[in-house]
Amino acid sequence: MAARNYSYRGIQTIKNPFDWALYSLLLWELKPRTIFEIGSFAGGSALWLGDHLNNFGIDGHIYSIDINPVTDVSHPRVTFLAGDGRDLGQTLSPDWLASLPRPWLVIEDADHSYGTTIAVLEFFHGWLDRGDYVIVEDSLSAGKPLQALEEFLIVCGDEYDIDTHFCDFYERNVTWCLNGFLRKRTAAGAIAPSFPPRKLGEPGLPEWDEFWLNWVDSCLDLYDRSPEHRGALAELSNARAQYSQQWYETPAAELETAWHTRKGQLYQRLIASHFSQRPILPSDWEFLQDFVEYCSGLPEPESAIRTALVAIAYPIPAVDRSVWERIYPQLPDWLAPVVTAALEAWQRR
């Protein structure tokens, strides 16, 4: 395609000319103070963005992130960072994100795969404030980023507007970002976003590695300092969903061992933080009821252990009192004290 031959200031820059014009309009209207570009390629688009911030008199900065960071391009308004769109927590710490000025513009332009796109959208969802934008580039690519965008909007669509002013500026979706200009409608609420749990190893879901565990640890630190912080709420909601999947998949003989690993200790810290006492979404409640029903068909004490491991991360009344009365006497010594503490904490609230 001819667009692949285009360069900006001598640097190859693959961009639809229609989209260049749309970006100019958006920059002028939004005047973003912070821009995240996920996927740097050769650095031309970041350079273009930096020049436009200067031309428009916008006091902003671009953070361009790529697995292979750009090293031969420089601009006073651009910082090139090493990072993976599927695991942005390695690069972007909660405290640092919380310090960045608004409004934000997030540009998802990495490898155009389902896994990366869904991971980027989920990562930034909890951080985006009312009026911030996220753009999904090249959504018709073979890697199915459009599918990721559509699935994300099934869960979070009430919190975003597809800005047709940009998507349909020329004609309907005359852009490489099909339905991909999203404007956040909502500020953070008391209920954290909740994404459908996915099995470990599926695209877009980080494995239980040290980087991910460190990220959860950092989010717990942030939640302890600021219990209403939208980023912490979103990330801990996702962590709870992933832990639930773990307690579902782990063989019964290995549950106690998993409880005493670092990931188990972080789960205990999540419970002790009283995050579980926060209101939950209807989808969380439905998931919990389905899980309790599934566990009721297991032999004891496995049924009691799996039920308790998941249920203590949610509001205690979300599980019927009769279930607690049934499972509590069957809990092993390694689990019973934590369940007792969770029940007592709920009674004291």
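The values are calculated or read from the model by the stated rules, or taken from the named source; none is laboratory data. From a predicted model like this one, the values you see are computed outputs, not experimental measurements. Glycine also receives a Cβ, built like all others from the backbone with ideal geometry; neighbour counts cover every protein chain displayed.
Among what's in the range 132-164 and is among the hydroxyl-bearing types (S, T, Y) and modelled with pLDDT under 85, pick the residue that is surrounded by the fewest Cβ atoms within 10 Å (Cβ to Cβ). Once the filter is applied, the top-ranked residue is S141.
List the number of the failed condition for I280; all other conditions in (1) at pLDDT below 90; (2) part of a helix (DSSP H, G or I) hold. Failed condition: (2). I'd like to check something: does the range 291-298 contain any residue that is of a type in the set (G, A, S), free of Cβ contacts under 8 Å to residues at least 40 places away in the same chain and under 19 Å from R349 (Cβ atoms)? No, the conditions are met nowhere in the range 291-298.
Selection over the range 245-267 of residues that are loosely packed, with under 15 Cβ neighbours inside 10 Å and within 18 Å of N214 (Cα to Cα) gives a count of 4.
Condition check for E325 on (1) acidic (D, E); (2) without any contact (Cβ under 8 Å) to a residue 40 or more places away in the chain; (3) in a helix (DSSP H, G or I); (4) more than 25 Å from Q347 (Cβ to Cβ): one failure, at (4).
When each of L270, L281 is tested for being outside the structural domain of F123 (by TED's automatic domain parsing) and within 22 Å of Q90 (Cα to Cα), the lone residue that passes is L270. Pairs are defined by a Cβ separation below 9 Å, a sequence spacing of at least 6 or placement on different chains, a first member in the range 165-186 that is acidic (D, E), and a second member that is surrounded by fewer than 17 Cβ atoms within 10 Å (Cβ to Cβ) and part of a loop (DSSP other than H, G, I, E, B); the pairs so defined are D168/V174.
Taken together, P17, P69, P32 contain a single residue that is more than 23 Å from V174 (Cα to Cα) and surrounded by fewer than 19 Cβ atoms within 10 Å (Cβ to Cβ), which is P69. Criterion applied to E286, E302 was being over 20 Å from E344 (Cβ atoms), in contact with a helix residue (DSSP H, G or I) (Cβ under 8 Å, 6 or more places away or on another chain) and acidic (D, E), and the one residue passing it is E302. Filtering the range 55-78 to residues that are assigned to a strand (DSSP E or B) and either over 22 Å from the mean Cα position of the chain (by Cα) or not polar (S, T, N, Q) (or both) leaves H61, I62, Y63, I65, D66, H75, V78.
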